[in-house]
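Peer 1: One structure, pasted below without further comment.
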Amino acid sequence: MAKTTNITKYTCDRCHGSAYLTDGDPRTSSDWHQITHTTADGVTQEALACTSCQQEFKKFAATQDAVWAAWLTEGKD
C-alpha cells in the first residue's frame, strides 16, 4: 500500500466542501482562497473559501463597495 506524506485538508468555511492536497499542488493556490472581512467594529475576520464561494464573496463585496462609495459621497456638496 502506498503512503503519501505532507497532505493538507482544505475545507471551505462557507460551503464546507473539502479537498486533500499535497504540498506543492497547484490547486492549493488556484482553488482555495484566504479572504478577509472587516466588521463594523473594525475586527478583521478571515475565512478559507473554495473558488465558487470566493466568486460569490467578490460579488457580495462589490455591493458593499458601492454602498460605501455612496455613503462617503452623500454628505458632500
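Peer 1: Would you mind stating whether residue 7 is in contact with a strand residue (DSSP E or B) (Cβ under 8 Å, 6 or more places away or on another chain), modelled with pLDDT of 95 or more and among the aliphatic types (A, V, I, L, M)? Give the derivation first.
Peer 2: Values: in contact with a strand residue (DSSP E or B) (Cβ under 8 Å, 6 or more places away or on another chain): yes; modelled with pLDDT of 95 or more: no; among the aliphatic types (A, V, I, L, M): yes.
Here the answer is no, as residue 7 does not meet what is asked.
Peer 1: Step by step: first the residues of the stretch 43-73, then only those that are of a type in the set (A, V, I, L, M, F, W, C) and not in a helix (DSSP H, G or I), then the one that is surrounded by the fewest Cβ atoms within 10 Å (Cβ to Cβ). Which residue is that? Working first, answer last.
Peer 2: So the first thing to find is which residues in the stretch 43-73 are of a type in the set (A, V, I, L, M, F, W, C), and the list is 43, 47-50, 53, 57, 60-62, 66-72.
Among the residues that remain, those that are also not in a helix (DSSP H, G or I) are: 43, 47-50.
On the way: 43: 8, 47: 15, 48: 16, 49: 22, 50: 21.
Restricting to residues being of a type in the set (A, V, I, L, M, F, W, C) and not in a helix (DSSP H, G or I), the top hit is 43.
Peer 1: Inside the stretch 20-32, can you point out the residues that are surrounded by 12 or more Cβ atoms within 10 Å (Cβ to Cβ) and either touching a residue at least 24 places away in the same chain (Cβ under 8 Å) or acidic (Asp, Glu) (or both)?
Peer 2: Answer for the stretch 20-32, where residues must be surrounded by 12 or more Cβ atoms within 10 Å (Cβ to Cβ) and either touching a residue at least 24 places away in the same chain (Cβ under 8 Å) or acidic (Asp, Glu) (or both): 25, 31.
Peer 1: Which residues, taken from the stretch 38-56, are in contact with a strand residue (DSSP E or B) (Cβ under 8 Å, 6 or more places away or on another chain), at pLDDT 95 or above and more than 12 Å from residue 12 (Cα to Cα)? Working first, answer last.
Peer 2: Of the residues in the stretch 38-56, the ones in contact with a strand residue (DSSP E or B) (Cβ under 8 Å, 6 or more places away or on another chain) are 38-39, 44-51, 54.
From what's left, at pLDDT 95 or above: 44-51, 54.
Those that are in contact with a strand residue (DSSP E or B) (Cβ under 8 Å, 6 or more places away or on another chain), at pLDDT 95 or above and more than 12 Å from residue 12 (Cα to Cα): 44, 45.
Peer 1: Report yes if some residue within the stretch 33-42 is in contact with a helix residue (DSSP H, G or I) (Cβ under 6 Å, 6 or more places away or on another chain) and surrounded by 11 or more Cβ atoms within 10 Å (Cβ to Cβ); otherwise report no.
Peer 2: Looking through the stretch 33-42, at least one residue is in contact with a helix residue (DSSP H, G or I) (Cβ under 6 Å, 6 or more places away or on another chain) and surrounded by 11 or more Cβ atoms within 10 Å (Cβ to Cβ).
Peer 1: A further question on this structure: Within the stretch 35-70, count every residue that is among the polar types (S, T, N, Q) and touching a residue at least 12 places away in the same chain (Cβ under 8 Å).
Peer 2: Applying the first criterion (among the polar types (S, T, N, Q)) to the stretch 35-70 yields 36, 38-39, 44-45, 51-52, 54-55, 63-64.
Now narrow it down to the ones that are touching a residue at least 12 places away in the same chain (Cβ under 8 Å): 51-52, 54.
Final tally of qualifying residues: 3.
Peer 1: Test of understanding: among 76, 9, which residue is free of Cβ contacts under 8 Å to residues at least 40 places away in the same chain and part of a loop (DSSP other than H, G, I, E, B)?
Peer 2: Details: 9 fails: part of a loop (DSSP other than H, G, I, E, B).
Answer to the check: 76.
The values are calculated or read from the model by the stated rules, or taken from the named source; none is laboratory data. Here the structure is a predicted model, which means the values were calculated and not measured. No Cβ is skipped: glycine too gets one built from the backbone with ideal geometry, and neighbour counts run over all protein chains shown.
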